[in-house]
Structure formats: structure tokens, C-alpha cells
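Read-outs throughout are calculated quantities, based only on the coordinates presented, and are distinct from any laboratory measurement. Computed from a predicted structure; not experimentally measured. Here Cβ is always computed from backbone atoms with ideal geometry, including for glycine, and neighbour counts include all displayed protein chains.
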Amino acid sequence: MLSFGRVSSDPDDRARVLKQLGTCLQAQTVFRCDYRLLGNDGATHWFYDEAKLFREVRAELVWRGCMLEISARKRAEEDCRRLCAELQRQQQRPREERHDALTGVLSRASFWKT
């Protein structure tokens, strides 16, 4: 279980999240945002937040919504970007220089003649 006794947002996200929050307040739309929070364990955790502002009976404004921890998804997205970039680098190399990135062995594509 994650513990966020004293919530601290990542400085790189703070301005973006506050701007988006202000835009949603003015337009009275649903707030949807991915951002990072620093946990008590010192690690950075990604969250997806979706909420709407409602006026309660006593004219109080209350946010209602949900917050999901999405760190695993963010790591998978970053892995995908990294692997796509590596694939593009490999494809730009001359055919005779192409080796399998994992094994270092000349790839099958190098044996095919076009």
C-alpha cells in the first residue's frame, strides 16, 4: 500500500496540473490529468486523476472523482518508446551491419537478399 502522509507533487508537473485545473474550473468541465506524486518511500508514483466539481446543499464546492495509480502503465509506455527508437536506429544502419540487439548475433534480415 502506498503512503502519502505529506503529499508532494513533482515540480515538473506542478505548473501544468495547476493550469489544467484552472481551465477546468473556468469551463466547468471534468478534470483529467496524469501526474506524479512523491511517496513517503521517496519513490515517484504516477497517477491518473479524474474529477468534477459539484456544489453541495450548503453551497460548498466538492470535488468528486477517482485517482488511479498508473506507474506500471507509464513504465510500459516508456519501454515501448525506447524500443521503437532502438528499432528505428537499427533500421537506419546498413543491412550488413544489422545485428540482433539482444544477442549481438547477425540478424536473419542480414542474410536475405533484396
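For GLN20, what charge total do you get from the other residues with a beta carbon under 15 Å from its beta carbon, if Lys and Arg give +1 and Asp and Glu give -1?
Neighbour charge sum, excluding GLN20 itself: 0.
Taking 41 Å as R0, compute the FRET efficiency from the Cβ-Cβ separation of LEU38 and GLN88 and round it to 0.05.
0.80
For the pair ARG55/THR23, report the inter-label distance in nm, with labels modelled 7 Å from Cα in the Cβ direction.
The two pseudo-label positions are separated by 2.5 nm.
What's the exposure ranking of LEU37, LEU53, going from fewest to most Cβ atoms within 10 Å? Please report the intermediate quantities before stating the final value.
Working: LEU37 19, LEU53 16.
The order, fewest Cβ neighbours first, is LEU53, LEU37.
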